[in-house]
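Student: Mind having a look at this structure? Questions to follow.
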Amino acid sequence: MHGDREEDRLGGRGMIKDESQEAIINCTEGMVVVDAGPGTGKTQTVVKRCLNLIRRDDVGKDDIVMLTFTRNAAEEMRGRLMKGISGLYFSEGADKIDDFTFKRMMRTAEGMKVQTFDSYCLGIVKSSPGQISKFFRFEKETLTHSASIVENESLNKTYFRRFLDRFLAEHASEYGDLAALAYEDPVSLYKLLERLMARGIIPLRSNGETSGIGRWFGGNDGKDLLGDTEGLRKMMEGLPLDSNDEKILKDVLSLEGYILKTKDPEMLDRAAFDSRETLLRMIHDVYYEFIRTSVADDRLTFGLAASFAFIILYEDKETRERIQCRYLIVDEFQDTNSNQLMIALMALKQPNLCVVGDWKQGIYGFRFVSIENITRFEERVRSLRDHLNEDTVRICYDIGDVKSLPLKTSYRSSQLIIDNAFHALSAKGSSKDVVSDTSNVTLINAEDSTPEDMTSFETVQCGSRLDEPEEVVRRIENYVHSGRYTIYEKDPATRKISTRPARYSDIAILCRTAKVCKNIFLECEKHGIPVFLQGDMEVMSTREGKLLLAWLRYVNDDRDTWGIGPILADMDYPLNEIQWMIAYDKETGTDHIPENVKRLRDELRKKRRRITDLIATVFKFYGLDNDNTQTIMSVISKAHRSSLMTISDVIKMIESDMDDNTTYKIDGMPDENAVIIQTMHKSKGLEYPIVIIPGVDTYAFPNTRSDTESFMFNDVIGVRSKKEVVEFNGEKMVKTSWKTYLAIKAQAKDYSEEKRLLFVAISRASQYVTMIAGDKPSCFFTHFAMRNEQKTSIPLDIALSDHVEESRTLVEKPTLPEIKPRRKNIGVHSIMHVDGGGTELDESDEAIGPKGKNYGITVHKYAELLVRGISVDQRILEEYPEIVKTGRIIEDLRREHELDAEVDCSLPINRLNVTLRGVIDLIALGKDTVEIHDWKNDVSKDNENEYRLQLSVYAHVAELIYKRKAKCFIQWLVLDETEEFDPLPMDIIEERTEKTLESYRK
């Protein structure tokens, strides 16, 4: 299954609908909050609601905006809209639309904004960049229309470090010892600024003040940065203390003359009411100058783009009125922050805001989001409207009644799984944790009653934490080979139920951290379990990343032992030999480094300005070509293009990524039948029949580690530094700030986000869940062990060794490298030859047209518009007569077929570990067949055989997807002929692909 999106099981045009979905679909006016639990058909419902809007004659492309948080989600949303419109057009029921309405709706859907929040904000900023300098009163620095967002956070942190170095070199004396703390941990200060941006708290230009906390916009004019000091002081009356606290604070408190256990009122007063004036002034000045520097460099972060968008809408009435729409739909609303909610309110000209989300899946607190935007929606929008309209009218509408419309039916999980997922919300994070109030939780029910013997929730405790990876393997084998676990499936179109045995691809291992994922992955590989590690990884900390770093350091400085040392160590030279090799003989001016290493160093130095080529050469030297190498090359190449980095910059970037445990998305394709391993955060939005959750141990899950950042901010304690500079015996030292320590200690530990993360993990399953812990299970584990069946690690229904030994007798296990070779993705045109001469055809497929490549591309473009129902200007038709011919073909097909154009497709050839990729010009879906049509502008049929091969690839993909017989049609537009044929067999395609791969190796 490999993680189906939760909507996929609801089908396309034949969408399942219940009363709660219908209520949302038909409620198109006013403020609407949709509480969309897991598997409830959220996206389909929102799309149907949007279709209802754009079906109206008075709603155009500028009247609706749909916002979400990932590019994939935005593309999926627009794609579903387009397919929904086609579904209405081909419908035989009361919903059927005529040609005119179809074309109008398609124009609206194609022209309306369906974007990520980040791209929406960037568009606002680029439309009125001059407002930024005006707001901040910059005299020289001006943002331009060319401003762009730098997405790589490692580059952003490096940029901030350099800025801070320059700033402190000039201003450190103004802030005393605090400057040293800022210099010591610049990343923490950068994250603090990002958090303030998310809250809409922005520094203003000072008027020459040398005291106070600086001038602020938002955050109650900066007063919120001090926190709730009175409330904090009351909390300190019940301050929980233990012996560990005494150890940490004894030295620093002795300097003040305090004894911790006495809870001296003066000590507590000083901790609660600490003024922090110098700290806040430093943060204000750093923040303001960072904005100035970023504006001068035309360089934005996601946080700056959103802050600037807010400023422009707040300050500029003309821009505000220009971008305002009548209807705004925001998906995944639990992932928004205060700043984004204010932007949403100012982006509307009428009170028609539909927010869709599930606060129970709010798991991104580290991105400074606020689930209160959805749990306290009405309170917040009314308060923010008043705030934004304080000095002038920026929101011209009344909020009106807020409708809360929950989705109450799950089309994914059994009732047992649903009940256990909701049970996670009432778990205790520790023995001192207070059980959460779940009385306001909207419960959901399973659509169908899954048979009791086809769903289960079990807890398994191992002998120790170290035994958990092997226990995961045992549970995988038990699910797949015991014969006890049946997968229950329902066809979304026919509603027919079928059952089958469990497969590896039905299973997902969801872990709290990437480190646990890696350990499980290695254990599965060790036992021969087909497995795929999906999601983000710390690729710079892999062998590939470390080797690249070593070579870059060696190229940059051949005397750098941290460069040449790791290179030689990876070649298995012993330490004493490495020391001899790199020892530099001053008399002879030589060392003993192997000649092949020196030759590669010299070759790489010639490529210093071609960073991608340099990296590729390093990996080629080791024969490395896998997902890690491709990701590293992609990340560094993109960063290099955007900022023209030197080798020293790349070295610092890799080292920073290692230090900060930075992760990057790994793009790869799992085997057809492989277990998926991913973090719980990355599993959000996916579903699997079987979910295994390891690592539910004390300290691990829930995570009880304290925040390691030096600078912090929350509503209660305000902005604080966790460290301070103190003087011991005439020597200054950095120590824990006792005031901040006590302020943090006074607050009860909040485990609510960890509970929501567990809710997400459990609710990914449709039928089976296994939760695993070691000898020290956490409160989460015991919470479920008391409720569900608990098993020990033995006995199992099938012994692990049985299956492993059996597989070894069938096929001798090959010796594999640590990381599997990357699956090759090649374009279908790469296996085609012009005139049989072995020359690859151009990817555009138009190299041999009579009027050139661009002419053919234009024909394809307008043919796609015709398929979408969009009219083409008469002037274009006269200039491109082939478009007229495509139009006739399209109209003939439309009578009995559902059409789609420019469809990406992939044909896996597992034997060769390769995937062929291409784009189908036109798919015509009939009752019993699927037709593949391809536009050709050739003046002869010299390449007919190659085109037959091309269309055959597309046809096999279509047969796999649509489960119908495929027919191929070459549309010779210049020759005005149509050629129909059956697709070539797969063995011919495989043979040509294999020969192509062999030619690459030569």
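Student: Suppose we keep just the DSSP beta bridges with both residues in the stretch 824-1001; what percent of those would be antiparallel, to 5? Each step should come with its number before you reach the end.
Tutor: Values: 22 of 34 bridges.
Just about 65 percent of them are antiparallel.
Student: How much length, in nm to one decimal, is gained on full extension between THR978 and ALA172, taken as 0.36 nm per residue of separation minus their Cα-Cα distance?
Tutor: Numbers: separation 806, 0.36 × 806 = 290.16 nm, distance 7.69 nm.
Result for the pair: 282.5 nm of gain on full extension.
Student: Now for a separate question. Need one number: convex hull volume per residue for the chain, Cα atoms only, in Å³. Working shown, then result.
Tutor: Details: hull volume 219.2 nm³, N = 1002.
Cα-based convex hull of the chain, divided per residue, equals 219 Å³.
Student: While we're on this one: Among LYS723/LYS755; LYS103/LYS965; LYS126/LYS682; LYS223/LYS735; LYS598/LYS652; LYS607/LYS652, which pairs are too far apart, with a Cα-Cα distance over 21 Å?
Tutor: Values: LYS723/LYS755 30 Å; LYS103/LYS965 30 Å; LYS126/LYS682 32 Å; LYS223/LYS735 27 Å; LYS598/LYS652 23 Å; LYS607/LYS652 19 Å.
Too far apart for the 21 Å limit: LYS723/LYS755; LYS103/LYS965; LYS126/LYS682; LYS223/LYS735; LYS598/LYS652.
Student: Related question: Relative contact order, percent, of the stretch 539-666 when contacts are C-alpha pairs under 8 Å separated by at least 6 residues? Kindly include the intermediate steps, with their values, before the conclusion.
Tutor: Numbers: 106 pairs, mean separation 40.2, N = 128.
Averaging sequence separation for qualifying contacts and normalising by length gives 31 percent for the stretch 539-666.
Student: Mind listing the phi-derived Karplus ³J(HN,Hα) values for the stretch 704-713, rounded to whole Hz, using 6.51, -1.76 and 1.60 with θ = phi - 60°, and x for any glycine or proline?
Tutor: Along the stretch 704-713, the couplings run 10, 5, 7, 4, 8, 5, 6, 10, 9, 8 Hz.
Student: Estimate the FRET efficiency between LYS620 and ASN673 by the formula 1/(1 + (r/R0)^6), using the beta-carbon distance for r and 22 Å for R0, to the nearest 0.05. If you can, show how the numbers build up before the last one.
Tutor: On the way: r = 32 Å, r/R0 = 1.45.
The value I calculate is 0.10.
Student: Follow-up question, since we're still on this one. Given points 7 Å out from each Cα along the Cα-Cβ axis, report the LYS83 to ASN913 separation in nanometres with one decimal.
Tutor: So the label points at LYS83 and ASN913 sit 3.2 nm apart.
Student: Within a 10 angstrom radius of the beta carbon, how do LEU67, LEU239 rank from fewest other beta carbons to most? Don't jump to the answer; show the numbers that get you there.
Tutor: Values: LEU67 28, LEU239 15.
Ascending number of Cβ neighbours within 10 Å: LEU239, LEU67.
Student: Also, I was wondering about something else. Using the Cβ atoms and a cut-off under 15 Å, what net charge is assigned to the surroundings of PHE711, where Lys and Arg are +1 and Asp and Glu are -1?
Tutor: Details: positive: LYS157, ARG161, LYS191, ARG195, ARG199, ARG276, ARG281, ARG720, LYS722, LYS723, LYS739; negative: ASP177, GLU184, ASP185, GLU194, ASP274, ASP285, ASP707, GLU709, GLU724.
For residues surrounding PHE711, the net value is +2.
Student: For ILE909, list long-range residues whose amide hydrogen, built 1.01 Å from N in the peptide plane, is under 5 Å from its own amide hydrogen.
Tutor: Here the answer is VAL914, THR915, LEU916, since their amide H atoms fall under 5 Å of that of ILE909.
Student: Taking 0.36 nm per residue of separation and subtracting the Cα-Cα distance, what length does fully extending ILE248 through GLU603 add? Before the final figure, lay out each step's value.
Tutor: Numbers: separation 355, 0.36 × 355 = 127.80 nm, distance 5.34 nm.
Length gained between ILE248 and GLU603: 122.5 nm.
Student: Averaged over all directions, how much area does the convex hull of the C-alpha atoms of the stretch 855-902 cover when projected, in nm²?
Tutor: On the way: hull surface 12.4 nm².
If I average the Cα hull's projected area over directions, I get 3.1 nm².
Student: Next up: Give me the distance in nm between label points sitting 7 Å out from Cα along the Cα-to-Cβ direction at SER634 and LYS927, one decimal.
Tutor: 4.4
Student: For SER456, SER307, SER710, SER906, which order do you get if you count the other beta carbons within 10 Å of each Cβ and list the fewest first?
Tutor: Values: SER456 18, SER307 29, SER710 22, SER906 14.
Placing the least packed residue first, the sequence is SER906, SER456, SER710, SER307.
Student: What are the residues whose amide H is under 5 Å from the amide H of VAL531, where those residues sit 5 or more places off or on another chain and H is modelled from the backbone?
Tutor: VAL675
Student: What does the convex hull of the Cα atoms of the stretch 824-1001 come to per residue, in Å³, rounded to a whole number?
Tutor: Details: hull volume 19.1 nm³, N = 178.
Given the Cα convex hull of the stretch 824-1001, per-residue volume reads 107 Å³.
Student: Using Cβ contacts closer than 10 Å as the measure, can you line up TYR397, TYR288 from fewest to most?
Tutor: Numbers: TYR397 15, TYR288 20.
Final ranking by Cβ density, sparse to dense: TYR397, TYR288.
Student: How much FRET efficiency would the formula 1/(1 + (r/R0)^6) give for ASP98 and LYS61, where r is the Cβ-Cβ distance and R0 is 30 Å, rounded to 0.05?
Tutor: Details: r = 20 Å, r/R0 = 0.65.
Approximately 0.95, to the nearest 0.05.
Student: What is the extension gain from SER431 to ARG495, computed as 0.36 nm multiplied by their sequence separation minus the C-alpha to C-alpha distance, in nm to one decimal?
Tutor: Working: separation 64, 0.36 × 64 = 23.04 nm, distance 4.63 nm.
Answer, rounded to one decimal: 18.4 nm.
Student: Enumerate the calculated ³J(HN,Hα) couplings along the stretch 256-267 in order (Karplus 6.51 cos²θ - 1.76 cosθ + 1.60, θ = phi - 60°), each rounded to whole Hz, writing x wherever the residue is Gly or Pro.
Tutor: 8, x, 9, 10, 4, 5, 6, 6, 3, x, 5, 4
Student: Continuing with this model, one more query. Run the quick spin-label model on LEU466 and ILE259: label points 7 Å from Cα toward the beta carbon, then report their separation in nm to one decimal.
Tutor: Once both label points are built, they end up 4.4 nm from each other.
Student: Work out Dmax and Rg for the stretch 690-766 from the C-alpha atoms and quote the Rg first, both in angstrom.
Tutor: Computed over the Cα atoms of the stretch 690-766, radius of gyration and Dmax are 18.2, 65 Å.
Student: May I ask you to evaluate 6.51 cos²θ - 1.76 cosθ + 1.60, the Karplus curve with θ = phi - 60°, for each residue of the stretch 609-617 and list the ³J(HN,Hα) values in order in whole Hz, giving x for glycine and proline?
Tutor: Those phi angles translate into 8, 10, 4, 5, 5, 4, 5, 4, 5 Hz.
Student: How about LYS191: which aspartates and glutamates have a C-alpha closer than 17 Å to its C-alpha, ignoring those fewer than 8 places off in the same chain?
Tutor: Leaving aside aspartates and glutamates fewer than 8 places away in the same chain, those within reach of LYS191 are GLU151, GLU153, ASP165, ASP285, GLU289, ASP657, ASP659, ASP660, ASP707, GLU709, ASP715.
Student: Could I ask something else about it? Helix 186-198 versus the longest principal axis of the chain: what is the Cα-based angle in degrees, 0 to 90, to the nearest 10?
Tutor: Roughly 70 degrees between the two axes.
Student: Run through the DSSP bridge list for the chain and note the antiparallel percent, rounded to the nearest 5. Present the calculation step by step, with values, prior to reporting the outcome.
Tutor: On the way: 46 of 107 bridges.
Once the DSSP bridges in the chain are tallied, antiparallel ones form about 45 percent.
Student: Would you grab the residues whose amide H sits under 5 Å from the one on GLY41? Only those 5+ places off in sequence or on another chain, please, with H modelled 1.01 Å from N.
Tutor: Here the answer is TYR411, since their amide H atoms fall under 5 Å of that of GLY41.
Student: Counting pairwise Cα distances across the stretch 539-666, what percent come out greater than 19 angstrom?
Tutor: On the way: 3899 of 8128 pairs.
Cα-Cα pairs of the stretch 539-666 separated by over 19 Å account for 48 percent.
Student: Is the stretch 593-674 best put as rounded, prolate or oblate by its Cα gyration tensor, with a ≥ b ≥ c the root eigenvalues, rounded for a/c under 1.5, and otherwise prolate when a/b is larger than b/c, oblate when not? Don't skip to the answer; put the middle values down first.
Tutor: Numbers: a/c = 2.00, a/b = 1.30, b/c = 1.53.
Oblate shape, in that a/c is at least 1.5 and b/c is the bigger or equal ratio.
Student: Specify the angular offset, from 0 to 90 degrees and rounded to the nearest 10, of the alpha carbon long axis of helix 944-962 from the longest principal axis of the alpha carbons in the chain.
Tutor: With both axes taken from Cα atoms, the answer is about 60 degrees.
Student: Let me ask you something else. Can you tell me the FRET efficiency between THR561 and LYS223 if r is taken as the Cβ-Cβ distance and R0 is 60 Å, rounded to the nearest 0.05? Could you put the intermediate results ahead of the total?
Tutor: Numbers: r = 53 Å, r/R0 = 0.88.
Approximately 0.70, to the nearest 0.05.
Taken together, the values in this text are just the output of simple stated rules run on the coordinates, not laboratory data. These numbers were taken from a predicted model, which means no experiment stands behind them. As a convention, Cβ positions derive from the backbone with ideal geometry for all residues, glycine included, and neighbour counts pool all protein chains shown.
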